[in-house]
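The values are calculated or read from the model by the stated rules, or taken from the named source; none is laboratory data. Not measured: the values here are computed from a predicted model. Neighbour counts are summed over all protein chains in view; Cβ atoms, including those assigned to glycine, are modelled from backbone coordinates with ideal geometry. Just the protein is used for accessible areas: all its heavy atoms, side chains included, with ligands, DNA and RNA removed. Shrake-Rupley method; radii C 1.70, N 1.55, O 1.52, S 1.80 Å.
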Amino acid sequence: MDIVEAIRSRKSIRGFKPDPIPKEVLREILDIARRTPSAMNTQPWNVTMVTGEVLDNIRKGNIEMVTAGVERHPDLPFIPYEGIYRQRQVDLAIQIFKLMGIAREDKEKRAEWMQRGGRFFDAPAAIILSIDRSVDKLLPHLDIGAFAQTICLTALNYGLGTCIEDQGIMFPEVLRRFTPIPESKEIVIAIAIGYPDWDFPANKLETKREPLENFATWCGFA
Ligand SMILES: Cc1cc2nc3c(=O)[nH]c(=O)nc-3n(C[C@H](O)[C@H](O)[C@H](O)COP(=O)(O)O)c2cc1C
């Protein structure tokens, strides 16, 4: 697949077919993603692949936490967005809820949607990315971002869809209960992965982007 076509066609997938992903395909994707650049070639990513019973247990654990009203407490503290960034977040939610037929005042359905994130959107597999707590706090996180994008783009080549998500890692102890991720590793982000269900309404979402003029500054050009 052409790289520009891949970048333009990638979108977050929040509804998947139940079909399992062959382990060999996931291995190939990771093998390609290993070429991601990283600061000083430190390659700080640790990858935990989860599927089957392990993933189902994590889903259950997350939902139990949410329904018990436990506050989210990811390894990486979440700082609420403000101003234009908050506005974009709200705009995204409005778009998704409209597609899903969820009314603004329908607290129950909104809560159900939040739980979907905790269930990794019912994807057949999930990728958990973590970094060693001994490494610097800035550059490795940039590296993980690049690694995640490489996975998402590569996945397209195999007909797979992805959603980078932090909803699935809101309760790190749940992930640690069912995987060998130690306390010494910070869980940074997850990626839900699977074959897209194109009939799922939220997969029809076309997210907006700011025009170049709003974020690019050109210096020294004619
Ligand atoms: C770091 C990061 C965290 C994200 N967390 C979530 C999440 O928890 N739930 C979700 O539905 N989407 C999540 N997303 C997906 C974004 O909402 C999505 O990338 C954005 O709206 C742009 O849409 P697109 O990916 O379809 O282009 C996340 C994306 C990133 C990069």
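Using Cα-Cα distances under 8 Å and only pairs 6 or more residues apart, what relative contact order does region 65-211 have, in percent?
Computed value for region 65-211: 35 percent relative contact order.
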**Message:** Students often get this wrong: which residues of region 4-38 have the backbone nitrogen under 16 Å from the point 7 angstrom along Cα-to-C-beta of TRP218?
**Reply:** none
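How many lysine pairs in the chain, separated by 8 or more positions in sequence or lying on different chains, have Cα atoms less than 16 Å apart? Could the numbers behind the result be given before it?
Working: LYS11/LYS204; LYS11/LYS208; LYS17/LYS204; LYS98/LYS107; LYS98/LYS109; LYS98/LYS204; LYS98/LYS208; LYS137/LYS185.
Counting lysine pairs in the chain gives 8.
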**Request:** Arrange the peptides 161-171, 46-56, 113-123 so that the one whose residues have, on average, the most other Cβ atoms within 10 Å appears first.
**Result:** 161-171, 113-123, 46-56
**Message:** Starting from 0.36 nm per residue, how many nanometres of slack lie between ARG110 and ASP56 once their C-alpha separation is accounted for?
**Reply:** 17.3 nm
**Asked** If you wrap region 96-201's Cα atoms in a convex hull and average its projection over all directions, what's the area in nm²?
**Response** 8.0
**Request:** Distance from a point 7 Å along Cα→Cβ of VAL70 to each backbone N in region 96-118: keep the residues under 20 Å and list them by number.
**Result:** 111-118
**Item:** Rg to Rh, two decimals, where the chain supplies the alpha carbon set and Rh follows Kirkwood
**Value:** 0.96
**Asked** Using only the Cα atoms, what convex hull volume per residue in Å³ does region 3-69 have?
**Response** 175
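Stretch ARG10-LEU138 to full length: gain in nm at 0.36 nm per residue minus the Cα-Cα span? Walk me through the numbers on the way to the answer.
Working: separation 128, 0.36 × 128 = 46.08 nm, distance 2.61 nm.
Difference between extended and current length: 43.5 nm.
Only helices at least 18 Å long along their axis, Cα-based, and averaging 0.0 or more on Kyte-Doolittle count here, so list those DSSP H runs from the chain. Could the numbers behind the result be given before it?
Details: long enough: 52-67 (23 Å, -0.27); 83-100 (26 Å, 0.18); 139-156 (26 Å, 1.18).
Qualifying helices, which must be both long enough and hydrophobic enough, are 83-100, 139-156.
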**Request:** Would you mind telling me the share, in percent, of accessible area of the chain contributed by carbon and sulfur at probe 1.4 angstrom?
**Result:** 56
